[in-house]
Amino acid sequence: MRKEFPQKILLRAPNWIGDAVMCEPALRGLRLLFPDADITMLAKPVVAELLSAAPELNRMLVYEDKGAHAGITGKWTLAGLLRGYGFDLAVLFQNAFEAAFLAWLAGIPQRYGYATDGRVFFLTKPVAVPARRQLVHQVEYYWNLLKPLGLSGSAPLPTLCVTAEENHALDARLAALGSDSSDIVIGINPGSTYGNAKRWLPERFAEVAHRLAEQVGRDAGRRVVVAILGAKGEETLAKDIASRIDGPSVVLSGSTTIRELMTVVKRCRILITNDTGPMHVAAACGVPVVAVFGPTDSRTTAPYGQEQSVVREVVDCAPCLLRECPIDHRCMTRISVDRVYGVAVQQIGSSLGLSGAKVQDTNKVNERNHTDQINQTDQPNILSGYTIFLDRDGTLNSDPGYIKSPDQFELFPGVVEALGRLKLAGARLILVTNQSGIARGLLSRHNLDAIHRKLAHLLGQAGTTLDGIYFCPHHPDDGCGCRKPNPGMINQAVRELGVDLERSYVIGDHLRDVELAKRVGARSVLVTTGVTRLQDLEGLTGADLIPDGVAASLAEAVNWLLSDVNQGTLSRHQ
């Protein structure tokens, strides 16, 4: 479309708070496409309040679907209102049939949206819906809708802002509830309007909040207040949790507007939550979260930019997307307090500048209690005789490009626990990593050794060790035999450590790790914590590039691996 067209745009917002937050980057994208256009958003009341301060919008129209715009008469009235604005383009982020029908009824000449819910007839510019198998994150789903209009690049992180006046009002409210502005606020959001299936156990929320408040208070030397958030109807749940917390708490469930909720969430140093709208609000406000997922799919709705914060249990029936669990709610009941607490400590530690001692202590607790926090595939010595080859950057730790010093090296949350489970199950752990930064002059061998000493120290604090570390220092153009996917490093491990390749796995974040596994006859698990995303696997036909398993984290990779062995898929070895 030409930059001078359209002049007046109507946006139909998603109906849910979480979806609206995930749509926010697309609002900025649309404004970039049409900087001079007059942009109006039509949204239901809660979403209208959420995005009322969005600078990309010229105005907000409230769709009162329970009031003035209910029924056929109300839709006709709303269509007449919209017709009066003279919109020349409608962009429909809301997927329902009704959104396209209403835009057609309003006489908007260009109607643009995904071709879903039988509404193609009412769209002048239908956009094909991504195939279900692509598992596109919802932020990218909304962002990609605009690409046929000329938008390019990747979606930025969602962003929400609150005003100074809103912050002052919150200060006054918290003061009335006995909290001082200098208090550290820990937020928990134990409910879910979607249904009970998305709710982790309330007594476990209370235990995590209590333990975290005590530890943070000691480390930071300040008072900690637990703020319990929730929607109307969740007041009893919140009061029950507050009664279980031995320390200062405030119950705000059912007593905040959407803007007030945003302000409270932004004040929190961390939010521990189910998969809910406030989870996305927190991430968009730059607040660290711990997100407990059960029946929903974290691959598409995890807090964008904080995917490492997700805690979930791999069970055969999840994600089921059901509102109520028809069986034993195993996706939630198998998630222990220790697991959530461990992630919470790591999430809040960096933002408060706390020492790593407690993180290490937590890892020890998690390892001692591993039988309480993992699924039934864990058995003593089930991996005796097995070797697990581990990639490093993007698999064990974040990959900023080239890690040049120990200060840059930080493990992903949950890595220590995951490796501890493998060791406790009897496996040998061997690191195999390409380090071309040495040949490029970006990294010295001395610093690489220091980085690996730090890795050994972090693992050793939790009682876990690596059985070998192999690295390739060569440039990709050198044609060496050790740079992955070439098998040189693994062949050296076979010679020096007597590895049985028929009882081995390779875990990595790159397709070259998958190809390496195929070349040496091992099984492969691809983790999507690094360079390779799920959508990158679509359309792969080469047998050397298709992983045996795919996981969203190292913890999930370990679950898959243990299940793979336990279920006898390697029966030729047993």
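I'm trying to understand the selection: among the residues of the range 4-24, which are in contact with a strand residue (DSSP E or B) (Cβ under 7 Å, 6 or more places away or on another chain) and modelled with pLDDT under 95? Residues satisfying the conditions are P6, Q7.
Taken over the range 179-215, the criterion of being polar (S, T, N, Q) and either in a helix (DSSP H, G or I) or more than 17 Å from G277 (Cβ to Cβ) (or both) is satisfied by S179, S181, S182, N196, Q215. Scan the range 91-98 and give yes if some residue there is modelled with pLDDT of 90 or more, assigned to a helix (DSSP H, G or I) and over 28 Å from P278 (Cβ atoms), otherwise no. The answer is yes, given that some residue of the range 91-98 is modelled with pLDDT of 90 or more, assigned to a helix (DSSP H, G or I) and over 28 Å from P278 (Cβ atoms). Restricting attention to the range 65-83, the residues that are of a type in the set (G, A, S) and under 37 Å from the mean Cα position of the chain (by Cα) add up to 2. Scanning the range 150-186 for residues that are in contact with a strand residue (DSSP E or B) (Cβ under 7 Å, 6 or more places away or on another chain) and surrounded by fewer than 17 Cβ atoms within 10 Å (Cβ to Cβ) yields a single hit, L177.
The number of residues in the range 63-80 being of a type in the set (S, T, N, Q) and either in a loop (DSSP other than H, G, I, E, B) or touching a His at 6+ places or on another chain (Cβ under 8 Å) (or both) comes to 1. Of all positions in the range 378-398, at least one carries a residue that is at pLDDT below 90, assigned by TED's automatic domain parsing to the domain that holds R483 and surrounded by 19 or more Cβ atoms within 10 Å (Cβ to Cβ). Of everything listed in (1) more than 20 Å from H280 (Cα to Cα); (2) in a loop (DSSP other than H, G, I, E, B); (3) in contact (Cβ under 8 Å) with a residue 24 or more places away in the chain; (4) not β-branched (V, I, T), the single unmet condition for L157 is (1). Here S255, S249 are screened, and the one residue that is without any contact (Cβ under 8 Å) to a residue 60 or more places away in the chain, under 16 Å from V208 (Cβ atoms) and among the hydroxyl-bearing types (S, T, Y) is S249. If the condition is being out of contact with any Ser or Thr (no Cβ under 8 Å at 6 or more places or on another chain) and part of a helix (DSSP H, G or I), then the range 242-276 contributes S243, R244, I258, E260, L261, M262, T263, V265, K266, R267. Checked against (1) within 18 Å of G18 (Cβ to Cβ); (2) surrounded by 19 or more Cβ atoms within 10 Å (Cβ to Cβ), E207 passes all but a single condition, namely (1). Evaluation of V315 against the conditions (1) under 24 Å from the mean Cα position of the chain (by Cα); (2) modelled with pLDDT of 85 or more; (3) among the aliphatic types (A, V, I, L, M) shows that the sole unmet condition is (2). Only residues that are under 26 Å from S398 (Cα atoms), at pLDDT below 95 and assigned to a helix (DSSP H, G or I) were counted across the range 479-512, and they come to 3.
When you look at L201, is it closer than 18 Å to S336 by Cα, among the hydrophobic types (A, V, I, L, M, F, W, C) and surrounded by fewer than 22 Cβ atoms within 10 Å (Cβ to Cβ), yes or no? The answer is yes for L201. If the condition is being touching a strand residue (DSSP E or B) at 6+ places or on another chain (Cβ under 7 Å) and more than 24 Å from G118 (Cβ to Cβ), then the range 77-101 contributes Y85, G86, D88.
Take the conditions (1) modelled with pLDDT under 90; (2) within 20 Å of V531 (Cβ to Cβ); S405 misses just one of them, which is (2).
Condition check ((1) over 12 Å from L11 (Cβ atoms); (2) aromatic (F, W, Y); (3) surrounded by fewer than 19 Cβ atoms within 10 Å (Cβ to Cβ)) across all residues:
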{"residue": "R31", "(1), (2), (3)": "no, no, yes"}
{"residue": "D36", "(1), (2), (3)": "yes, no, yes"}
{"residue": "E49", "(1), (2), (3)": "yes, no, no"}
{"residue": "N58", "(1), (2), (3)": "no, no, yes"}
{"residue": "D65", "(1), (2), (3)": "yes, no, yes"}
{"residue": "A70", "(1), (2), (3)": "yes, no, yes"}
{"residue": "L92", "(1), (2), (3)": "no, no, no"}
{"residue": "A100", "(1), (2), (3)": "yes, no, no"}
{"residue": "G107", "(1), (2), (3)": "yes, no, yes"}
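The set of residues from the range 435-480 being under 32 Å from the mean Cα position of the chain (by Cα), crowded, with 18+ Cβ neighbours inside 10 Å and of a type in the set (V, I, T) comprises I451, T464, I469.
In the range 102-111, what residues are in contact with a strand residue (DSSP E or B) (Cβ under 7 Å, 6 or more places away or on another chain) and in a helix (DSSP H, G or I)? If the condition is that a residue be in contact with a strand residue (DSSP E or B) (Cβ under 7 Å, 6 or more places away or on another chain) and in a helix (DSSP H, G or I), then A103, W104 are the ones that fit.
The values are calculated or read from the model by the stated rules, or taken from the named source; none is laboratory data. Not measured: the values here are computed from a predicted model. FYI the Cβ positions are ideal-geometry reconstructions off the backbone, even for glycines, and counts take in every protein chain you see.
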